[in-house]
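Structure, as structure tokens:
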């Protein structure tokens, strides 16, 4: 059963055909036999299946699984797992279809040749990009960028605060008066606050960074010293009374947390550098001038032209 949609499946078939043409159409193969099996196996690429004399390799399965987004590129795919069997079934079906297309001579069709050439160019381009990325985006380079960014980005600040949320400014001022009179903040939050997320915790919000809260609340909280109580602060949620309990430096994100972002950045950067380098060295001639549309004939003139045409014997 083919599990891919038509678009990806067509591309897979084109890629398989491209490989088959190099194996079968070069004059060295006989009867569609795979002439490259032994060399690939010596390189450590295990042969997994034979389909009418052609070979499906372990790398083919890994590549197809990644293309179907069943695994991430580079992740292992356990041999014999359900996903492994599904992908292998897909590749067998695709190979059978591609072999039949070659048998019928469809590979010699002009449109097929153009599409095969386009698929070949995409493959070669992807291989070049993968090669450049594998050389540049190494574990050492990722760690080095993380360390450099950590030095360039000074740690931010976090505060730990409590708040009491009420509906009106008058209500907030009444709360402040009670606090100045010696009322316990946590008990008052339990009695007065309408914030369901913090009321049962005595208004405790824990530690937070400035960008974690709405601007009026964050500005007020970060302007307070430890132990200070704010004036009434209005936000979209109501009126807040805030008390800061502690301050600390914000812990930088760990390496494991930042690694995926760094990899994405470095990958994009390498691709852009490669393309820029190739464009600077290339001679590119192109014609993308918009084609001028023909001016429509006014309705009256069109009717006259049709009448004249009808009147002409």
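Quick note: the coordinates plus some simple rules give every number you see, no bench work behind them. The model shown is predicted, which means the values in this text are computed figures rather than measured ones. As a convention, Cβ positions derive from the backbone with ideal geometry for all residues, glycine included, and neighbour counts pool all protein chains shown.
Structure above, values below:
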read-out	value
Residues 225, 167 arranged by fewest to most Cβ contacts within 10 Å	225, 167
Rule-of-thumb Rg ratio for the stretch 100-248 [Cα; 2.2 N^0.38 Å; N residues]	2.04
Virtual paramagnetic centre 7 Å along Cα→Cβ of residue 45, amide N under 19 Å, in the stretch 79-106	79, 87-96, 98-99
Sites residue 81 and residue 148, calculated FRET efficiency, Cβ-Cβ separation with R0 41 Å, nearest 0.05	0.55
Spacing of the two label points (7 Å from each Cα toward its C-beta) at residue 255 and residue 287, in nm	5.6 nm
Ratio Rg/Rh [Cα only; Rh per Kirkwood] for the stretch 66-170	1.31
